[in-house]
Every structure is written in C-alpha cells, then in structure tokens.
Amino acid sequence: MQTKRMRKLSNNKMTFHLLKEDNNELAQAIKLFVETFKTETITAHTYNFNHELTEKQYYKASLLNAKLCIKQGHDIIIAKINDTMVRVSIIKKVPQNSLFDTLRIIFPEAFKLLPLLTKINYRNAFSMSKTMKLTYPLKENYVTLAAIAVTSDYQGKGVGKQLLNEIHQRYKKDFESIYLYTADEKNKDLYSHIGYEMVERKQASHFSVYHMIYRF
C-alpha cells in the first residue's frame, strides 16, 4: 500500500519554492537536511553522532546557518509533491553582508551552539578542511551548490535530477556556472551523468573529495 502510494505521488507535478523568511517551512527543510546529512561522508567524519544529543545540536546549528544564508541573500529552494516537502537545496552567492553584520546576526544564538563543539572530531575536521577548498579559486562568475538533500521516501525516484534541472534554469541567466563538492561516490557519478565536470580531486584520510562544476 505504501509503495503504491509513493509511486503515485512521484508521478505528480513537482513544485519549487524559494524560502525567504524564518518560518515553519524553513524549520521543516532543515530537519530534512539534517536527516540526510548526518550520514553524509564529510558530516559523519566531523561530528560524533553516537552521542544522543549531537543530532539535536547539529539541527540548531544548521537552522542558524540557514537563517544567516537568507539574511545574506543566499537561496534556499525546496521541492514539493502534493504539499509534501521532498527536497531542499542551499545555493550560495557572493556574501552580501560584512563580517560585522554576520556577527550581529548570529551573536544572540551563538552560545546555544557551544555544546556542539564538544561533538567535533577536530583531527578529522582539520584534515578535511584542506580537501574542501580548491587549490586555485575559480575566476568565473558562479554560484555554489552548498547542499542538496532528499527525504528517504523519495530517494531513487528522479527527484534530485528534477531539482538540479530547476536550479540550472534559475541561475543560467546571471551566472556562468554552478560549483559543488562531494565526498559521495554515487553523487559524483550522478553529477557527472548530468554534465558536471570534475575540476579537482583531493584525498582525505578515508575518502576522496570531488570538486565539480557545471558550465552553462
């Protein structure tokens, strides 16, 4: 019964929505993001999710980051099927706020995030920080696809490809390319299949990080 219902929903039209304020939809989007990213390679190697409070603290940090993204002029796009949120993406443009403005935004809630600092594997985090940066910065006008997450019920149903197509259409008028990085081999293959080019591969201790770009 559940499988038939999900198959039916997946055939309905997907709609896309740009989140512009802090509301229930943003909170729901970040819950979806956390549920997906807590098992993502880089995140799982950075935080100790064996601790029972880590996920809750990671959610608070991710929600604060999402609020900051919106205030800085970045984009958070969600995809829905029959009013069910199935995917969320975070697209970052050139920061529009000064460091002072950024600190002013996050300061009231920053102290709430201190417990998360005790759940970080700092050795892994330090070594991975080098792999998440390009050796030579891109000189073209681009946006960064900072995150893309899909709810488990809709994985493998083509939702990701539809959302990527929507993102490409939204940004091709004002930008030359979309940049991202991933440490997931399956995601790397998916991006390659739809036209992303790998511009650099960096090796972490237990995995590779693939830097990729899609040029319009």
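Output the residues belonging to the range 30-42 that are part of a helix (DSSP H, G or I) and either farther than 24 Å from HIS211 by Cα or within 11 Å of the chain's Cα centre (by Cα) (or both).
ILE30, LYS31, LEU32, PHE33, VAL34, THR36, PHE37
Determine which member of the set GLU140, GLU185 is loosely packed, with under 14 Cβ neighbours inside 10 Å and closer than 21 Å to LYS38 by Cα.
Step by step, each of GLU140, GLU185 is checked, and only GLU185 is loosely packed, with under 14 Cβ neighbours inside 10 Å and closer than 21 Å to LYS38 by Cα.
Collect the residues in the range 165-208 that are within 21 Å of THR41 (Cα to Cα) and of a type in the set (A, V, I, L, M, F, W, C), keeping them in residue-number order.
Listed by number, the residues that qualify are LEU180, ALA183, LEU190, MET198, VAL199, ALA204, PHE207.
For ILE91, state whether it is touching a strand residue (DSSP E or B) at 6+ places or on another chain (Cβ under 9 Å), modelled with pLDDT of 90 or more and over 19 Å from SER152 (Cα atoms).
Answer is yes for this residue.
Run down GLU21, GLU35, GLU52 and say which single residue is of a type outside the set (A, V, I, L, M), modelled with pLDDT of 85 or more, surrounded by fewer than 16 Cβ atoms within 10 Å (Cβ to Cβ) and under 30 Å from SER205 (Cβ atoms).
Result of the check over GLU21, GLU35, GLU52: GLU35.
For the subset of the range 58-73 comprising residues that are buried (at least 16 other Cβ atoms within 10 Å of the Cβ) and over 14 Å from ASP22 (Cβ atoms), which member is modelled with the lowest pLDDT?
Ranking the candidates gives ALA61 first.
If you take the residues in the range 74-95 that are among the polar types (S, T, N, Q) and not in a loop (DSSP other than H, G, I, E, B), which one is surrounded by the fewest Cβ atoms within 10 Å (Cβ to Cβ)?
Applying the filter and picking the extreme gives THR84.
If you scan the range 151-163, which residues turn out to be touching a helix residue (DSSP H, G or I) at 6+ places or on another chain (Cβ under 8 Å) and closer than 18 Å to SER192 by Cβ?
If the condition is that a residue be touching a helix residue (DSSP H, G or I) at 6+ places or on another chain (Cβ under 8 Å) and closer than 18 Å to SER192 by Cβ, then GLY158, GLY160, LYS161 are the ones that fit.
What's the total number of residues in the range 158-172 that are more than 15 Å from LYS80 (Cα to Cα) and of a type in the set (D, E, K, R)?
Of the residues in the range 158-172, 2 are more than 15 Å from LYS80 (Cα to Cα) and of a type in the set (D, E, K, R).
The values are calculated or read from the model by the stated rules, or taken from the named source; none is laboratory data. All values reported here derive from a predicted model rather than from experimental measurement. Every residue, glycine as well, gets a Cβ built from its backbone with ideal geometry; the counts of neighbours run over all protein chains shown.
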